[in-house]
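What follows is a single structure, written as structure tokens, with notes after it.
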């Protein structure tokens, strides 16, 4: 029975195996989701000092779940080598998506909120009262059509709005006083046209277009809009938040959308699963949401580019992101 534990968990969380998916990969996805749900459940563990749990307690519960599952099922024993990476991914995603709130080494649970789209109810909650389906680390429930009351939008629930950033950049460009630069040593320019495997940056500026450039040491980059007119390059400083926490991706995505060169996310359908290849990383708020409702394609090499999700959830992701300017293309 213990060796079939992950199969039981997969059924409970509604995690089905893809047609072309190996048993070990399916069980690895299940272990990842189970560890996430166990960590969320730890938010209600009683503490001796009657205060919120510590960050370490949250991480420990996820680690304990993964360690136990690796011991009872030989199909996932290799995950033991990457448990720390999986735990860090789980914690970061739940923190970035507003499931938990952090303060002074303690974390508190979020207020429960639900959004109904079609026959799916997306849930942001640390509660354990209701049996929910899981996709990646995201929680949801399937209902029959018509049996719901629509709440706030998914965009509002997970802060997916891009219009405020786009409007900010438009106004900045319109109102700025461009400054001519004389020293261009070590400057990198956003690559406007790129294939999947090209670098995001190049060392030569583009002509007659407002784009993005950066300079400075690794980890201390400053970002600017620039335009090249003849031999002269003019620049416009960007606020500090663009340089912090990957904020430059808001500006980069805005530039590429305006130029019509933002690469689409590629996808392929595998039974009830969809495999995603994100060719150009989304702005942080969008990427956090996508990571919440997807699994890493490989737990051995967790990255933001290659993800797996469920077909019904993917359809909602697609219809949510396309109006924001992010396109999807099926791989044949």
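The table below lists the values:
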| read-out | value |
| --- | --- |
| Estimated FRET transfer efficiency (residue 257, residue 56; beta-carbon r; R0 56 Å; 0.05) | 0.85 |
| For segment 163-256: relative contact order, % (alpha-carbon pairs under 8 angstrom, 6 or more apart) | 26 percent |
| Taking all pairs of distinct alpha-carbon atoms in segment 163-256, Kirkwood radius in angstrom | 13.7 Å |
| Share, in percent, of DSSP beta bridges within the chain that are antiparallel, nearest 5 | 95 percent |
| Hull shadow area, averaged, segment 243-308 [alpha-carbon convex hull, nm²] | 5.1 nm² |
| Quotient of C-alpha Rg and 2.2 N^0.38 Å, computed over segment 192-332 | 1.16 |
| Principal axes of segment 25-105: Cα extent on each, largest first, Å | 39, 26, 17 |
| Residue with peak Gaussian network fluctuation, the chain [Cα springs, cutoff 10 Å], from 244, 288, 303 | 244 |
| Protection proxy ranking of 248-261, 230-243 - average other beta-carbon atoms within 10 Å, highest first | 248-261, 230-243 |
| Distance between segment 102-118 and segment 172-216 - C-alpha centres, whole angstrom | 38 Å |
| Estimated [θ] at 222 nm from DSSP helical runs (n ≥ 4, -39500 (n - 2.57)) normalised by residues in the chain, nearest 500 | -10500 deg cm²/dmol |
| Principal-axis tilt of helix 23-41 within the chain, Cα atoms, nearest 10 degrees | 90 degrees |
| Answer label for log10 I(q)/I(0) by the Debye sum over Cα atoms at q = 0.06, 0.09 Å⁻¹ (calculated), chosen among (i) -0.18, -0.41; (ii) -0.21, -0.49; (iii) -0.25, -0.55 | (iii) |
| Theoretical FRET efficiency, 1/(1+(r/R0)^6), r = Cβ-Cβ of residue 218 and residue 328, R0 35 Å, to 0.05 | 0.65 |
| Calculated FRET value between residue 153 and residue 193, using beta carbons and R₀ = 45 Å, to 0.05 | 0.85 |
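Rule-based calculations on the coordinates, nothing more; no lab input. For clarity, every value in this text was computed on a predicted model and none was experimentally measured. Note: ideal-geometry Cβ built from the backbone for every residue, glycine included; neighbour counts use all protein chains shown.
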